[in-house]
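Input: a single structure, listed below in structure tokens.
Bear in mind these aren't lab numbers, they're just calculated from the coordinates by the rules spelled out. This structure is a prediction, so every number in the text was calculated from the model and none was measured. Methodologically, a virtual Cβ is constructed for each residue, glycine included, from the backbone with ideal geometry; neighbour enumeration extends over all protein chains shown.
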Amino acid sequence: MKKRYWRCFVCNDIHFGIAPPELCPTCKVLQAYVEISAEEARKFLGSGQDVALAPEDFRGAIERFAAGNEFRVNPDREKVDLLLSGIFENEKSHGFKFCPCRLRTKNREEDLKLVCPCNFTVHETYRGVPNGECWCGLFVRRT
Amino acid sequence: MPNLIMFHGRECPHCKRMMPLVERLERETPVRFDRREVWHDEENADLMRSYLEIIAPKCGGQLRVPTFLNPGARDAVCGEMPYEDLKAWALKQG
């Protein structure tokens, strides 16, 4: 199924997905999304504020992301620092926050699966493993 | 000993942990690894990609580092492992 662009007619939030959200997460209005073109979506996104996300901001982002989940950011600060430096190096050199412990194949669809955080919960290093981790060890199961 | 390759990433913690074990193995045995960093060297990255069909089935369907490869025998093993496991894999290649 192909993903498309959707715009909230109240607050102009943009959503990219197979279907629009039932509830707008920003203005909380129900059934507020209308389909728009990619070109129109780019115009709306381009008119927004420039949001920078430095490594320390990203650390906060993944900690908040993990807070509601069964995994957490690895408490090994040194390991996380090394991984974050690789993730940001990869974004600078290769365009996305690719996992420093894997390699992109140059197949875009496959490579987007390597963007951190990836869906590691389906990987054999995490799924069903009591002390499971994502491949690189950035996220570890809470014990 | 056959030509063995270690694909690694500069900012990969598993690779960092394995590097001293590789050095120890080279000191204690005739095993030698051709070390190839893949995130900061596109030639090395392309070399690793050229072995996708050998590596992926043994590494969760992906190209992951560290990967230890014997191109001649089409055998590979990846990830962090104890010294004895790495040694056993490398010596069986000979």
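See the values below:
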item: Environment charge of B:H14, counting only residues whose C-beta is closer than 14 Å and scoring Lys/Arg +1, Asp/Glu -1; result: -1
item: Chain B: trypsin sites (Lys or Arg not before Pro) falling in loop per DSSP and having at most 15 other Cβ within 10 Å; result: B:R32, B:R74
item: Rel. contact order, % - alpha carbon contacts under 8 angstrom, at least six apart, the range A:4-46; result: 43
item: Tensor-based shape of the protein assembly as shown (alpha-carbon gyration tensor, a/c under 1.5 rounded, otherwise prolate or oblate); result: prolate
item: Extension gain from A:T143 to A:A67, taking 0.36 nm per residue of separation minus the Cα-Cα distance; result: 26.0 nm
item: Charge tally in the Cβ shell below 9 Å around A:F139, where Lys, Arg are +1 and Asp, Glu are -1, A:F139 excluded; result: +1
item: CD proxy at 222 nm, helix term only [per DSSP H run n ≥ 4: -39500 (n - 2.57); per residue of chain B; nearest 500]; result: -12500 deg cm²/dmol
item: B:E26-A:S93 FRET efficiency (beta carbon distance; Förster radius 35 Å; 0.05 resolution); result: 0.70
item: Choice from B:C78, B:C59, B:C12 showing the highest fluctuation, given a GNM over chain B with Cα pairs closer than 10 Å; result: B:C12
item: Relative contact order of chain B, pairs being alpha-carbon contacts under 8 Å that are 6 or more residues apart, as %; result: 37
item: Net charge contributed by nearby residues that have their C-beta within less than 13 Å of A:K97 (K/R +1, D/E -1); result: 0
item: Global geometry of the range A:1-40, whether rounded, prolate or oblate, following the gyration tensor of its Cα atoms and the 1.5 cut on a/c; result: oblate
item: FRET efficiency for B:D46 and B:A73, using Cβ-Cβ distance with R0 set to 22 Å, rounded to 0.05; result: 0.55
item: Interchain or long-range residues, amide H under 5 Å from B:E37's placed H; result: B:H8
item: Length added when fully stretched, A:K28-A:E109, from 0.36 nm per residue minus Cα-Cα; result: 26.0 nm
item: Mean Cα-pair separation over length for chain A, i.e. relative contact order, pairs under 8 Å, 6 or more apart, %; result: 15
